[in-house]
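A quick write-up on the structure given underneath.
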Amino acid sequence: MLAAGLLEELRDFHRRYNQQKVAENRQDYQHGIFQSIGFKEFHEYLVSEGSCSPETSALLLQRGIQALKQVTKRYARRQNKWVRNRFLRRPGPNVPPVYGLEVSDHLRWEEDVLKPALEIVESFIQGRQPPAEPVRMEFDANEDKRRHRVCELCHRVIIGDREWAGRAQKGFSIFNRLTFKRAQLESD
């Protein structure tokens, strides 16, 4: 992103749209384009550019780069989690097949990602079977997604077998169990 001109784009945008707001202390990074990845992370660098020492400017640039990497990784994890949940773990009747491609070696991007992706899209357009198999998540055919259970300790209604199993596995009611046992001991 940096090699593609991110800093120049941010400088230009800051100069045109945000510099006056910063001077008036009215900048808002919670709405619109200002919440995009990159802008908040380089705020200190953009504001202090030209008014501080080169060492400080370089330090602020490095902090911005590190923050950009962290936010980008977090965003990628959220996207992957959303795709897994929406398309793989809870597939519905209108969910398209999802294909996994090997993306770990950026030097082989064209052979491992671009070419297979284009083949898959082309096969859909032409109405034929894609050369690759879609990703399949294992799921229990007997799983009841609508079954209602009531936790005896906290009296909450839990819907679905997976939610019930996850609740037990994560120990959501541990605190409530301790409270329940304590109440029993006090009543005896």
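The values are calculated or read from the model by the stated rules, or taken from the named source; none is laboratory data. Here the structure is a predicted model, which means the values were calculated and not measured. All Cβ positions, even for glycine, are placed from backbone atoms using ideal geometry, and neighbour counts span all protein chains on display. We work out accessible area using only protein heavy atoms, side chains counted, and drop any ligands, DNA or RNA first. Shrake-Rupley method; radii C 1.70, N 1.55, O 1.52, S 1.80 Å.
See the values below:
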| quantity | calculated |
| --- | --- |
| Residue within region 126-149 that is assigned to a helix (DSSP H, G or I) and either on the phi < 0 side of the Ramachandran plot or of a type outside the set (A, V, I, L, M) (or both) present | yes |
| Test: residue in region 28-51 that is closer than 30 Å to P97 by Cβ and surrounded by 11 or more Cβ atoms within 10 Å (Cβ to Cβ) | yes |
| Test result for R74, open to solvent by 50 Å² or more (accessible area, probe 1.4 Å), free of Cβ contacts under 8 Å to residues at least 12 places away in the same chain, more than 22 Å from E163 (Cα to Cα) and within 12 Å of the chain's Cα centre (by Cα) | yes |
| Selection status of A132, of a type in the set (G, A, S) and within 25 Å of the chain's Cα centre (by Cα) | no |
| Pairs, first farther than 23 Å from Y75 by Cβ and part of a helix (DSSP H, G or I) in region 9-38, second open to solvent by less than 60 Å² (accessible area, probe 1.4 Å) and among the polar types (S, T, N, Q), C-beta under 9 Å, six or more apart | K21/Q27 |
| Those residues of region 150-188 which are surrounded by 12 or more Cβ atoms within 10 Å (Cβ to Cβ), assigned to a loop (DSSP other than H, G, I, E, B) and either modelled with pLDDT under 75 or under 30 Å from the mean Cα position of the chain (by Cα) (or both), in sequence order | L153, C154, R156, G160, F172, S173 |
